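Read the figures in this text as sums done on the coordinates, not as results from a lab. If you're wondering where the values come from, they're calculated on a predicted model, not measured in any experiment. So basically every Cβ, Gly included, is an ideal-geometry build from the backbone, and we count neighbours across all protein chains shown.
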Amino acid sequence: MKDFILPPKDWDMGTPLPKSDATVTLKIDGFDVTVPEGTSVMRAAMEAGIKIPKLCATDSVEAFGSCRLCLVEIEGRRGTPASCTTPVTDGMAVTTQSDRLHKLRKGVMELYISDHPLDCLTCGANGDCELQDMAGMVGLRDVRYTKGDNHYAPTAAGSLSLNDIRAKVPDGSDNARYIPKDDSNPYFTYDPSKCIVCSRCVRACEEVQGTFALTIEGRGFDSRVSFGGASDSVLSSDCVSCGACVQACPTATLQEKSVIEMGTPDRSVITTCAYCGVGCSFKAELNGDKLVRMTPYKHGKANRGHSCVKGRFAYGYASHPDRILNPMIRDSIDEPWREVTWQEALEFTATRLKGIRETYGRKSLGVITSSRCTNEETYLVQKLTRAVFENNNTDTCARVCHSPTGYGLGQTFGTSAGTQDFDSVEDTDVVIVIGANPTDGHPVFASRLKKRLREGAELIVIDPRRIDLLATPHMSGSHHLPLRPGTNVAVVSALAHVIVTEGLADEAFIRERCDWDEFQHYAEFIREDRHSPEATEMLTGVPAQKLREAARAFAKGGNGAIYYGLGVTEHSQGSTTVMGIANLAMLTGNIGRRGVGVNPLRGQNNVQGSCDMGSFPHELPGYRHVKNPEVRAIYEDLWKVKIDPEPGLRIPNMLDAAVEGTFKGLYVQGEDILQSDPDTKHVAAGLAAMECVIVHDLFLNETANYAHVFLPGSSFLEKEGTFTNAERRINRVREVMKPMNGYADWEVTQLLANAMGAGWHYTHPAQIMEEIAATTPAFANVTYDMLEEKGSVQWPCNDDAPEGTPLMHVDGFVRGQGRFIVTEYVATDEKTGPRFPLLLTTGRILSQYNVGAQTRRTENSVWHGEDLLEIHPHDAENRGIQEGAWIRLASRSGETTLRATITDRVSPGVVYTTFHHPDTQANVVTTDYSDWATNCPEYKVTAVQVAPSNGPSEWQEDYNAQAAQSRRILPAAE
Amino acid sequence: MRQDLATPDSETIRAIIAAERHREGPLLPILHALQAEYDHIPESALPLIAEALALTRAEVHGVVTFYHDFREAPAGRHVVKVCRAEACQSMGANDMAARLLDLLGLDGYGTLPDGSVTVEPVYCLGLCACAPAAMVDGTLLGRADSPAIAAKLAKAEAPA
């Protein structure tokens, strides 16, 4: 947005802030300025409120010095150096405006404008163009150059100098230098005719995003920005559509299509992205209440001004015509839906729920909270079941993703969250990425990690698949340990074995910070030969030598950090692997400072928060067990109810109980358990057996096919609240527009509670946060006023840590002493055999998110229109499977069909797919095996067979018929 | 079409890359080797080079296009470079070039349809003292005039 209407803190400072504690004082136009050493003259001037004209400089990338507009005079120096590339020195005296500079700048500007179309009034960047601003700033009033060779005129008539033999224009009609606009990307256009070749986009793609999809092709006057090679378009290039280039472009060359269509936004609201657990801060830019674009907010502490294709562009689902805006009810799931008023829907629901409670008892009801909704909303939903239904039957989708993280880190370190902030990665020297695919699942964090890898950090990837991170351009060294799915514990133990037996453990750290007796016990266990890489090689498929090298690299490489994802947790031994990872970090002394730590990459925007808020059946907010009478007392006094001291049901137990006939009513907020939970058939049977399923969502999701009540939800753009990201950062979500459905989600939960007679009176989510802070020690000092002032804060935030806690366990573990836990490898019961010889593992792709309910309703489907099965060439050839062929994927649980793609990214014997599309229903195939400690389902290992197929399976056809039947909506009564 | 050049295939390209990649700064040597083999840099080589050197195909494309001598398609069998830098222009290089193109039957810089000759401009051959200068198949020519260049070309094309 135009700099002069931006508040000074949002100004583009031209060059990045250097990391230096030393300061330098200089004079700029006579004013004293003190800035950190290494600051550019340009930035120092900006700090003093003095703007120097610039085109090729922007503060997201390093100075480049190509536009020659930011020239200044420096006392005692000859010439006019560029202020962006000149670092400040003590006592320097800088002049930013003089007749000489004015003349030079005007001359430079004149040259730029001589090859630029002057169609400003109809240009997409009108009102938001730095070239326009600079022309104004330097006072350009005339261009003396006559029309000649140029890049902007589609026809060459009159534009070529006579007898210019360089111009290959045989008939004089076409301008060979003119390149038409490329609008192949669904979200932005590339118009080379407006390009001033400042290289900001190329540098942003390299420095910020780390994809290197852009380059400058040619030289001199022929120089142009090019996406990929000669025959690439924007879409076919390596571009991942993160928007960094669009953000950096000073002109209309790279421009959001939404701005071209709707015009320049005139106001903005800072909010938090509702996709993954990185929790990027965005500016929602609007015209009135129409959202024009989302741009990454540079003061966002999780993303530091960067974004990915989902957060930046894929917000169209919020206004998609599929959104349901009126409440709907039906007596049974074979009837069509009836649209009704809120009052009728709530009365219907309350009557049903009360009826169930009378007939089947208070434990027959339950809730599922959403990791997509705000902390405040989640808090209310668990309060609904604890205070109004009077049981502890609350669970959340974290059950099926990171519950082992909670358990494993709780047991070893004493707290159930990642230990670092994202900035910490800037100090990492060696990083283990295990069971995570950051470039696809957590792209903005991946960009920061890739930056560190380019600076020389070493990468160790433990994954059955050769993930994209291993192909990071300009990375120096990497280790890939391609293990067989299901053998995480064996690999992690083998790493620990090497570290202990080769004497690489950090004994001083262990003696000081951990329980020494437990360590002795653990060391004895891990020393056993059966944990050696040579002994486990047969099991894991990881060559012993490679594993030893990786272990040595991690132990000796300096600051070692471990990042992990669902490939760790979604296993029958998920909790064991998490503890094994904690052991590795403690063994090598990699806890409690910047650059190290154990960091779960959490899947959903607020999965951390939903766990914090007491969504689990055994824990009240703040991870305090319900059996604990002092904790219960806090809520009993406040809520004036008796809290059940027994833990409630987990999701799988709710479904089992439903099939058995003892669990009858479920309120599901913002979750699609039918598509996302394992063993779809079992989930369907459980839901079908209930008498009142309430789905509260934006869309008629798959779960709603089995629902009796549909309460329309509000999008993240339509409410106030907070999300907590993977680094425990509490970020504000702000209302950008009024709820299209009439009520924010917290209001709907309150209406439902009050229909049941609860008498809640919240008028703003700030009041809910007050209640959370008053009852939960880790949140004690969190208030909306504080978040307004600081932007965000990382819990614990209380009197002990008033500023929040970027790093955990700095002086000691939360539980006192770090605890080593013996990690015995037990193979999963899911085994390959003659009928199911392949192992299926599942994952994510960049452009789609989770069950795809949002991203499938955006243009992101251009990149990923269907789920594909990745299969190794050997396995494909044995089965006569061709690239793109329909195949049948069958397991002991069920079967589905999808298309195959042949790739050696997966090892022989391993196949891989995503579950973004309901047509595929990959979870029909997954089993109901789960983590021994937390019931987290084993999505990542299923024994399967793959065979050529003709089309959809019988299940898919039945399912589609049922879904079509179930989604019928009667027209509203007149 | 050049009949004397092999069709690029990924196996040969990989072998060429493998032979040079041990060098310090291997990208330019690889491009030179490919240019020597195919008289151009096949686009299909870009992803292979990128993969081998931990670069991206965009970066390789940027380097290839920066140097005019790395061609996107093979040149003619014989290449004439006519210097159009300041010294040569002042000594009549433009007229000389125009006459040469007329003689050869070319409308502008480029390659004859039969693939025999490519004429292209170059900005300074470093032979200003003997301007106008040209280069025919790698051999410098001072005080160049178009009939002499045409004669050289005819001789080169003649069957041995």
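Among A:138, B:117, A:695, the ranking by other beta carbons within 10 Å of each residue's beta carbon, starting with the fewest, stands as A:138, B:117, A:695. Per-residue mean of foreign Cβ neighbours for A:228-235 is 4 (Cβ atoms of other chains, 10 Å radius).
In the protein assembly as shown, the calculated helix contribution to ellipticity at 222 nm averages -8500 deg cm²/dmol per residue, counting -39,500 (n - 2.57) for every DSSP H run with n ≥ 4. Volume of the convex hull of the range B:78-157 (Cα atoms only), normalised per residue: 73 Å³.
For chain A, the alpha-carbon radius of gyration amounts to 0.98 times the rule-of-thumb value 2.2 N^0.38 Å expected for a compact globular protein. Remark: A:330, A:448 ranked as A:330, A:448, counting other beta-carbon atoms within 10 Å and listing the fewest first. With K and R counted +1 and D and E -1, the other residues having a Cβ less than 14 Å from that of residue A:468 yield a net charge of 0.
Using only the Cα atoms of the range A:818-871, build the gyration tensor, take square roots of its eigenvalues as a ≥ b ≥ c, and label the shape rounded, prolate or oblate: rounded if a/c is under 1.5, else prolate if a/b is larger than b/c, else oblate. It comes out oblate by the Cα gyration axes. Quick check on the range A:520-588: take the gyration tensor over C-alpha atoms, sort the square-rooted eigenvalues as a ≥ b ≥ c, and tell me if it's rounded (a/c under 1.5), prolate or oblate. Verdict is rounded for the range A:520-588. When each of A:74, A:462 is scored by the number of other beta-carbon atoms lying within 10 Å, the sequence from fewest to most is A:74, A:462. Counts of other chain beta carbons within 10 angstrom of each beta carbon in peptide B:60-67 average 6. Centre-to-centre, using Cα atoms only, the range A:594-631 and the range A:655-717 are separated by 23 Å. What does the net charge come to around residue B:3 if you take all other residues with beta carbon closer than 15 Å to its beta carbon, with K and R at +1 and D and E at -1? Neighbourhood net charge equals -2. For the range A:222-297 versus the range A:14-45, the inter-centroid distance based on Cα atoms is 30 Å.
The overall shape of chain B, judged from the alpha-carbon gyration tensor, is prolate: a/c is not under 1.5, and a/b is greater than b/c.
Peptide A:201-214 shows a mean partner chain C-beta count of 2 within 10 Å per residue C-beta.
Its alpha carbons considered, the range B:10-66 gives a radius of gyration followed by a Dmax of 9.8, 26 Å.
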